[in-house]
1. Along the Cα-to-Cβ line of A:D52, 7 Å from the Cα, sits a label point; which residues in the stretch A:12-34 have backbone N less than 20 Å from it?
2. At a Förster distance of 22 Å, what's the computed FRET efficiency of A:Q16 paired with A:I45, Cβ-Cβ distance as r, to 0.05?
3. Around B:I324, which amide H atoms from residues at least 5 apart in sequence, or from another chain, sit under 5 Å from its own amide H, with H modelled in the peptide plane?
4. Which whole DSSP H helices in chain A pass both tests: a Cα extent of 20 Å or more along the axis and a mean Kyte-Doolittle value no lower than -0.5?
5. Output wanted: per-residue J couplings in Hz (rounded whole) for the stretch B:116-122, from phi through Karplus 6.51 cos²θ - 1.76 cosθ + 1.60, θ = phi - 60°, x for Gly and Pro.
6. In Å and on Cα atoms, what radius of gyration and Dmax does the stretch B:2-327 show?
7. Using label points projected 7 Å from each Cα along Cα→Cβ, tell me how many nm separate B:A168 and A:Q81, to one decimal.
8. Please list, or write none, the lysines whose alpha carbon is within less than 24 Å of the alpha carbon of B:K263, excluding same-chain residues fewer than 8 places away.
Amino acid sequence: MLHFGEHIRQAREALQEQDRTFSLRQVAARVGIEPAYLSKIERGIFQPPSEDVIVKLAGVLGEDKDVLLALAGKLSSDLQQIIIQRPKLFAELLRQLREVPDYAILRVVREVRDGQW
Amino acid sequence: MIELKNDELLIQFPDVHEDAVCRVDFQRTLRIPDDNRDYPLPPGLGRFSVEHVEDHSSRLPAAWVERGGVLLPMYQAEALWINFSSGSSSRRSISYPFAVKIAAGKINAVTGDEWANGLAKDPQDYLVVPDQPWLDGFCVQKGLIRQFVAMPMGAGYTAEEQISGFAAHGGIQIIVYPMKRDRYEKLVNRTTPLFDPDICYSLADPCESVSMGLAPGGLMRQEIYEDKYGYDAWDTSRSSRCFIHILNSAQWEIVTGKSVPRKPPSAADYTKAALPWFEYYDEKLCPLSGAKSLAGLDSIGAKSVKLSEKPLSENAPIPEQKVIQINSPSHQIKEGNW
């Protein structure tokens, strides 16, 4: 699995090939951080930034915020809240789902119930 | 399987193909004047809030709970359009096609026929997504629809009551069929790659009066396109369907505990603010003829005259609109590197 910085750099450079506005400087400006800071994050010199910055980066680069947070070793605050409200239940659920394949997990998500009509 | 995420229905067929993801949301919009002039497409003013019916089952009529599905709030005489999109291959410029059948009060919005599961090819009773990016109303003739406008059930205005004679269902019904896997893969392989790969409102008294249906409103220029893939492209052994109940906005807070949405602006106020309307045509696709049974419906304006009821407010003609032409994605010019 790629490190956070490496993933960000590859995603940004792939976009930059199609659109020059994805330069390091312009992406940093859109996220609201210094270009030098983004450069150091991309090169792995600095640790991944805060959740807010990661979410903004995901928005600018068209990446999934949960995937970026996971690469950064973080869990989004809304997921933390969900787990904290029912910690035992969710801890047990997540442990049980650890080995379950993706298609089977998709089957346990909450579906819109179809009834008689 | 259908999930509800961010007020959007996410309809997935992971056992058919990983790209087989269809998205449907319901957009708030202006009500166009019901004056028999035809109008361009109004804007989207954001998604309607959507909730699972079962989360509010104690405050809803038993029939709603039995049908399942979701609910959304609409004011009386408020308009709506349905927005479609679909998942795409990560390396190709093609989105997964779906056949989508839409009904209001179990009256098909394309043919005017009563609801049946399954697809019919003659006349075509479904839309093809993503060729059809949205649907704003009942298909009354080639290139013209009558806008979906919410009216209370039992007052005689809805398409359902005018065609079936009963106020039994209300709401919106939707069923989605994915394209067959092998047909999609052929399409993907024929398409130029994007990148070169080698490079009721009280607990004690839930009642039906909260229920709304869709009635035909003003005329709008919108084409409903013929299926360019052919009937046998669709995997009719797989489908997902959903009943979308329409709850009168006045009861939304009581039923869901969530704040009532603000009323949308009037078409006149919107136009006065110099905000744009839209036109969308895809000249590569053939529009369907409208349904005679839908063309024969009374619009809300005509019905209120027949019933000697108060006419719709804010229904004055909008003489001039600023119209923006939207191209289908296949016509959009790609900006390169320079």
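1. In the stretch A:12-34, the label zone of A:D52 (backbone N under 20 Å from the point 7 Å along Cα→Cβ) covers A:27-34.
2. It comes out at approximately 0.60.
3. For B:I324, the qualifying residues are B:W277, B:F278, B:E279.
4. none
5. 9, 5, x, 10, 10, 9, 9
6. 19.7, 70
7. Once both label points are built, they end up 4.4 nm from each other.
8. Cα-Cα hits under 24 Å: B:K5, B:K272, B:K303, B:K310, B:K322.
Laboratory data are not the source of any read-out in this text; all were calculated from the coordinates shown. Treat the numbers as computed from the prediction; the structure is a model and nothing was measured. Neighbour counts run over all protein chains shown; Cβ positions are idealised from the backbone, glycine included.
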